[in-house]
Each structure stands twice: as C-alpha cells, then as structure tokens.
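Before any comments, here is the structure.
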Amino acid sequence: MSELTQLIQIIIENFNKKTLEIFLDKKPDNFFLEKNNEGRTILFTLLLENLDYIFSKIFIYLEKRFSQNPLTLYNILNQYDNNLNKLIHISSEKGNLSIFKYIEKYENDIRSLNNEGYNILHFASKGNSPEMLMYIKEKYNFDVFSRTYNGETPLHIACVCGAINCVNFLLMLMDDINVINKDNESPIFYALKSGKIVIIKKLIRKGIDVNLKNCYGKSFLEIIENDNKYNYIIKALDIYSKDSKGNFVSRVEFGNSYYCFFYFFILEIISFLVNKDYFFLQLISYVILIILFFQLKNSNPGIVYSNYSNVSWLEIINKGYYINLFCPYCKIKNTYYTKHCFTCGICVDGFDHHCSWIGNCIGAHNMNLFIVFLSFILYNSCVLYFISMKSFSNIYLISNLLLNNVICIGIMVFCLLTFIGTGYLLGTQIKNVLKMIYNILS
C-alpha cells in the first residue's frame, strides 16, 4: 500500500472539516503534486475511490488557500497520470456533474486526450451518466463521431461498458450507427463483448448491419450462430425475423393494418357462399367490426407532448433535472407507464404495445376500445364458426357437397385458431389493465 493511499485512509477514518483543514494546513504546496506509482496525485485517488465528498471539501480548501496564487491551483488540477489521464477525464467518467464543474473552471485544455485517444466525451460514455454526456456535448460541442486512436466512437465505448443510459442518448444523436473502428467492428461487436441483450436489441431496432464483417471476416450474426456460449442471445432475438438482406426485422413489422380488414371480408364472402340464411347477421357483425377497426386505428393512444421541446438539454440539466428520466427523442419527462414507440415516433401514456395489425399504439386512452375490438373478434369468430357448423353437409350455393364440407371445415379451423389466439391476447390485455389499476391504487 502506497504512502498516499495510507494517508487517504487516515483522512477517511478521522474525517471532519476542521481536522481536515488542520491536517492540510501543515502540508507544503508540493504535497498536492506528489504522485504514487501510477502517477496519480491525492485528488486523482479520491476521485477514483469515489470519495466525492472529501474531494469537494479539499477542492474548496484549495481555492481558499491559493486564492492569491491561482497558477499553483491550475498546476495542481492539470496534472497527468502515467496514462495521460487528467482529473477532467476521471470526473467525466465518474458522472458527478458538480465535481466536473469544479474542475472545468481550471482546466487548461478541455479537449485533451489520454494515451488511447479518449476525450472527455469518450470518458462520459463509459460512466453511464447521460447528464454528463449531454452537458459535455451541448456546452463544448463535442462531435459524437469523434474517434479514439483505435477508431472507437463514444457509442462503441458505451456499448462495451454496458452503459445503457448513454447508449439511449447516443442513438438519438447519431444518424448513422454503422460506424467502424480500425478492426472494422461496429458498435454491435462491442455490445456483444458486454453481453447486454438490451443494448443489442436497441442497436438492431435502430437498424445496425448485423452482417457487417470485421477484419477477421466474421459478422455479428456468424459469431452468435457459431458459438454455443451466445445461445442466450439467439434466444433473446427470437422476436425478430430476417429480411431479404439477412438483417433482423421485428416480426410485428411484417403485419399490415389492413390485413385485419381483408381477411375478415374474405371470410364473410366465403361463409355467405356456404350459407346465405345468415347474411344479415354476418353483414351486421362485419360492419361493426370494421367500424371498431377504423375507430381504433385513428384513435389517440395517449400521446404525451413535451413542455421542453424548445429547451436545450443543457438548460434542462442546469435546472437540476435528471435527464435519464426524459425520453431522448421527445424530451418527455417519463412516468412509470410512459414509453416511446419507435414505430410511431411518439411517447405514449400507459403504453402497452404497438399493434401493426391495426397500425396504431395501444395505450391508456384506447386500451378499452382495443379490448372491445378483441371481444368482437371473438364474437365474430363464434358467429362464423356457428354458420360453418350449420352449413356442414348441407347444400346451399355450392352444389358440390365435398367442396362445401372442405370450405366449412377450413372456416371452422380458422375460427377456432382465431378464437384461441385472440382469447389469449384479450386475457393478457385485461391482466395488464388490472395490474396497472392495482399499481396506481397502491
């Protein structure tokens, strides 16, 4: 254990403001420049040990002590360790904005790099503090595409460190996330190293190329498919299908909001051919279903509008808000039930899911209508099933008995499957509503 580390332990064990000042008053000026084997001063060590409270007290003490000699204070606060890291680098990674603001007042080169080419934006990406990330980006206009000596962007670093909060904001800031380092690796290779499924899904949803090959000739897709230790990732990505280029696409995107309209229309026509006696019953149920469909399609799911749309992130941060509570895309201060829909590009109160079969989000404002719609699909399925069952082995408009029976069986099977699938979805929705009500009341 170094003498400096032992000294810090003594300070921690006996810490109070008065004794600390008495202790420091006895030390010469060069005491604050003394370094350990890693080239770190006492201020470095305090930051790395997350002793922010003691750091801030010592910093305030130093400002008072060197008020008549600010150049000495500048010298103390602009020291490098053996890896060319400075206090401004460490503080940006730690994410304590108040400490960062202390140091930035005396920083002589805000864009300085360490021996790996990391600037303070790269360090902030490691620390998973979106407040720090956006403060640096907005105040000093750092480029989110800035590279380290290995070609890594802040998004690469946030992915490998598992910094999910920073990833959210970087995805909002970057229009192209298929950026590569010197090994031809995009951020998804770095997310694979961290093993964070959530980050991998966010990158895929943003449209990252999973077939891009690195310098070893392997793509992300080939790596996870050929190595058993990544089976958990393949399982987690089961909600996606592959498009014609082999990239992942959410399965719900294959749906179309008018499929619902057409397949019931075709069923109504077929069922009319096998039994015209129930034409008006079929017609009424079909018309009600379509009315509900278009009403749900054009309903407001509970869109939340921002009060901060014309306010910069820097102003929001300086007001003391934790921007991790905000949607990066809409600047909405999220509640527990508010979520951003990436398909619609809106934030929805009480967001449940985006239904591509309807072409709208399901949220707090249209959940009841959605439940009614599902209930009527169940009713309509029962009506069609009943009509087909009554028409079985009876000749109506179709003279061929075999063909008539085949059509009836087909409709009955389809209605049964529809009933099971819709019934499960309806049960899930009712369960979600009851859970939401319970959480609100409790």
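Annotation note: Cβ proximity below 8 Å between a residue of the stretch 9-31 that is assigned by TED's automatic domain parsing to the domain that holds Leu43 and a residue that is modelled with pLDDT of 75 or more and among the basic types (Lys, Arg) (sequence gap 6+ or interchain) occurs for Lys17/Lys57; Leu20/Lys57; Leu24/Arg65. If you filter the stretch 209-234 down to residues that are in contact (Cβ under 8 Å) with a residue 12 or more places away in the chain and in a helix (DSSP H, G or I), you find that the one that is surrounded by the most Cβ atoms within 10 Å (Cβ to Cβ) is Phe220.
Specify which of the listed residues (Leu84, Leu73) is more than 24 Å from Asn165 (Cα to Cα), surrounded by fewer than 21 Cβ atoms within 10 Å (Cβ to Cβ) and over 39 Å from the mean Cα position of the chain (by Cα). Show your work before the answer.
Details: Leu84 fails: over 39 Å from the mean Cα position of the chain (by Cα).
The unique qualifying residue is Leu73.
Restricting attention to the stretch 39-69, which residues are loosely packed, with under 14 Cβ neighbours inside 10 Å and either in contact (Cβ under 8 Å) with a residue 24 or more places away in the chain or not assigned by TED's automatic domain parsing to the domain that holds Ser98 (or both)? Matches in the stretch 39-69: Asn50 only.
In the set Leu403, Leu384, which member is loosely packed, with under 15 Cβ neighbours inside 10 Å, in a helix (DSSP H, G or I), in the same structural domain as Phe294 (by TED's automatic domain parsing) and at pLDDT below 85?
Working: Leu384 fails: loosely packed, with under 15 Cβ neighbours inside 10 Å.
The unique qualifying residue is Leu403.
Against the test of being at pLDDT 80 or above and either in a loop (DSSP other than H, G, I, E, B) or under 30 Å from Lys331 (Cα atoms) (or both), the options Ile440, Ile398, Ile358, Ile420 yield a single qualifying residue, Ile358.
For the stretch 317-337, a residue qualifies if it is within 16 Å of Lys101 (Cα to Cα) and either surrounded by 19 or more Cβ atoms within 10 Å (Cβ to Cβ) or of a type in the set (Asp, Glu) (or both), and exactly one does: Ile317.
When you scan the stretch 240-324 for helices (runs of 4 or more DSSP H) that lie fully inside it, which ones turn up with 1 or more residues that are modelled with pLDDT of 65 or more and in contact with a Gly (Cβ under 6 Å, 6 or more places away or on another chain)?
Working: elements: 259-274, 279-297, 313-318.
Output list reads 279-297.
Here are some conditions: (1) at pLDDT below 90; (2) crowded, with 16+ Cβ neighbours inside 10 Å; (3) closer than 30 Å to Asn165 by Cα. Phe414 meets all but one. Which one does it not meet? Status for Phe414: all satisfied but (3). Considered as a group, the residues in the stretch 127-172 that are of a type in the set (Ser, Thr, Tyr) and part of a helix (DSSP H, G or I) include one that is surrounded by the fewest Cβ atoms within 10 Å (Cβ to Cβ), and that residue is Tyr140.
The values are calculated or read from the model by the stated rules, or taken from the named source; none is laboratory data. Since this is a predicted model, take the numbers as computed values, not measurements. Ideal geometry is used to build each Cβ from the backbone, glycine not excepted, and the neighbour counts take in all protein chains shown.
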